[in-house]
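The values are calculated or read from the model by the stated rules, or taken from the named source; none is laboratory data. Note that the structure is predicted; figures quoted are calculated from it, not measured. Backbone-built Cβ (ideal geometry, glycine too); neighbour counts: all protein chains shown.
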């Protein structure tokens, strides 16, 4: 069973002709877990992954697998499997031959080609030219390439992109299984909701900088909670809130009061004899926290 | 070393798993076959008197001395066919940029110099194979036509086969030039335009212009096409020249051609191959 190694980004910076794409990025990715590498489009995710894989040279800093740079790995494809967002296929080559080329280059047995094509569900399309593949099939072929060397580390850029719902369910199960086997799994996405059900940890970047790092649950911060409250006699309620010094705004389903404690509002209303029609705490979802983080503004 | 050999095997697989190589090979064979066969018929007809000299010589001069026909006819394999290995080499290289296959390639073999070296070796061999295909056309069809006109096709002559070997070498070197051009100009369309414009138009004109003065004729000898013709031997260009300047020796021609290929490849490695793959 291949075991994963720790991926370590240390002070990675990259600028393209004066424009900073990644700025002093440092984080580690642990084996046995699925780590989501998140950020809006243009945040620097793909550049960071390409630096990690030795395809792009960092302006400064190092990115390593168990302390070894990609270019220094003795058997790169059996250590790290990568699928990057770009469709990297010659359209005139069949899927089998496409994988065959790289199996030969990496010194892997040709039987692996058949195995990985079966693993990603492309066995029936192995002899088809890739030019005729759908986006979802290309994604699967990219994944098949990543799996070719049965690597301990998987690095996948936007793997869910273009998959149908069945494919998305399949890849979630697949990534969980890979991590359960002790492999290191790093997947990027611009949408938290796409990977929310697969990831254990999240690394969030925006504008090339790290802005959040930790277990998925750490996103559930609820930094500025609100309580929704409403009354048939809204005027009395607003007067009472103002008197109590609780700020509020008028929302679609009632008043959005800036407090995390519904009991406090309930007590105020009861003491003032105001009937309430709505009273519940509004919790920001993970996606809201994520969006707030990448927008650089606090959670509403 | 094993990584280099595996890379070479992978590069061969790349060439032979798309349709380009056999399409180019078929066109090459047909083109050289038609040209060698047609011109062999024309020249052999004139030489043997089957075609009246008056029919082609409206200037009223003497029957042109075409020299020994077979080496000239056979040299079409490379003097005309060289554009095919150049195209193959350039397309094989620029295709990696165009289809973004550099990503999986460099992931499998992170040492980029190894990959470019393997690609060069592979295309030299495939280019030499194109040389054999072109010779099959020029020797087989051209020689067959000469024979039919009663001209000795010299197929048993040792010099014919030495020339054939030099054609194979030249075609291999031309494929290497193609790889060098491909890394120098990774844009596939630009690369193809350069190949076609230079080989079919610019260089022939330069060679013609250079041939009018002795000093420029000597410089013209170092143009890639002239070097290739020097390597191979007889060519249509050698009797079109108004001033007699000895061409380079065959081995000098080969070295000049190799020089072009190496310079383009080394510069291309620096300007495109080792750059960021985004």
(request) Would you check if residue A:116 is at pLDDT 95 or above, within 12 Å of another protein chain (Cβ to nearest Cβ) and assigned to a helix (DSSP H, G or I)? (result) no
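Can you report the number of residues in segment A:127-143 which are in a loop (DSSP other than H, G, I, E, B) and surrounded by 19 or more Cβ atoms within 10 Å (Cβ to Cβ)? Show your work before the answer.
Here is the first cut: in segment A:127-143, the ones in a loop (DSSP other than H, G, I, E, B) are A:127-128, A:133-134.
Right, trim to surrounded by 19 or more Cβ atoms within 10 Å (Cβ to Cβ) and you get A:133.
So the count comes out to 1.
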(request) Can you give me the number of residues within segment A:181-239 that are outside any strand (DSSP E or B) and on the phi > 0 side of the Ramachandran plot? (result) 4
(request) Select from segment A:46-82 the residues that are over 20 Å from residue B:275 (Cα atoms) and surrounded by 22 or more Cβ atoms within 10 Å (Cβ to Cβ) and write down the one among them that is farthest from the other protein chains (Cβ to nearest Cβ). (result) A:65
(message) Testing residue B:142 on (1) surrounded by fewer than 22 Cβ atoms within 10 Å (Cβ to Cβ); (2) assigned to a helix (DSSP H, G or I), one condition comes back false. Which one is that?
(response) (1)
(message) Residues that are more than 10 Å from chain B (Cβ to nearest Cβ), touching a residue at least 24 places away in the same chain (Cβ under 8 Å) and within 18 Å of residue B:9 (Cα to Cα): does segment A:85-93 have at least one?
(response) no
(request) Can you work out which of the residues in segment B:12-53 that are farther than 30 Å from residue B:90 by Cβ and in contact (Cβ under 8 Å) with a residue 24 or more places away in the chain is nearest to the other protein chains (Cβ to nearest Cβ)? (result) B:40
(message) For the list (1) over 27 Å from residue B:144 (Cβ atoms); (2) in a helix (DSSP H, G or I); (3) modelled with pLDDT of 90 or more, I need the number of the one condition that residue B:18 fails.
(response) (2)
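Only one residue in A:127, A:105 is in contact with a strand residue (DSSP E or B) (Cβ under 9 Å, 6 or more places away or on another chain) and either outside the structural domain of residue A:164 (by TED's automatic domain parsing) or without any contact (Cβ under 8 Å) to a residue 40 or more places away in the chain (or both). Which one?
Numbers: A:105 fails: in contact with a strand residue (DSSP E or B) (Cβ under 9 Å, 6 or more places away or on another chain).
Checking each option against the conditions leaves just A:127.
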(request) For residue A:159, state whether it is in the same structural domain as residue A:35 (by TED's automatic domain parsing), surrounded by fewer than 15 Cβ atoms within 10 Å (Cβ to Cβ) and modelled with pLDDT of 85 or more. (result) no
(request) Go over the candidates B:154, B:184, B:139, B:146 one by one and state the one that is closer than 21 Å to residue B:26 by Cα, in contact with a helix residue (DSSP H, G or I) (Cβ under 8 Å, 6 or more places away or on another chain) and in contact (Cβ under 8 Å) with a residue 60 or more places away in the chain. (result) B:139
(message) I'm trying to understand the selection: among the residues of segment A:62-106, which are assigned to a loop (DSSP other than H, G, I, E, B), over 27 Å from residue A:31 (Cα atoms) and over 27 Å from the mean Cα position of the chain (by Cα)?
(response) A:90, A:91, A:92, A:93
(request) Give the residues of segment A:11-61 that are in a strand (DSSP E or B), closer than 22 Å to residue A:80 by Cα and either free of Cβ contacts under 8 Å to residues at least 24 places away in the same chain or not assigned by TED's automatic domain parsing to the domain that holds residue A:82 (or both), sorted by residue number. (result) A:28
(request) Pick out the one residue from B:116, B:107, B:169 that is in contact with a strand residue (DSSP E or B) (Cβ under 7 Å, 6 or more places away or on another chain) and at pLDDT 95 or above. (result) B:107
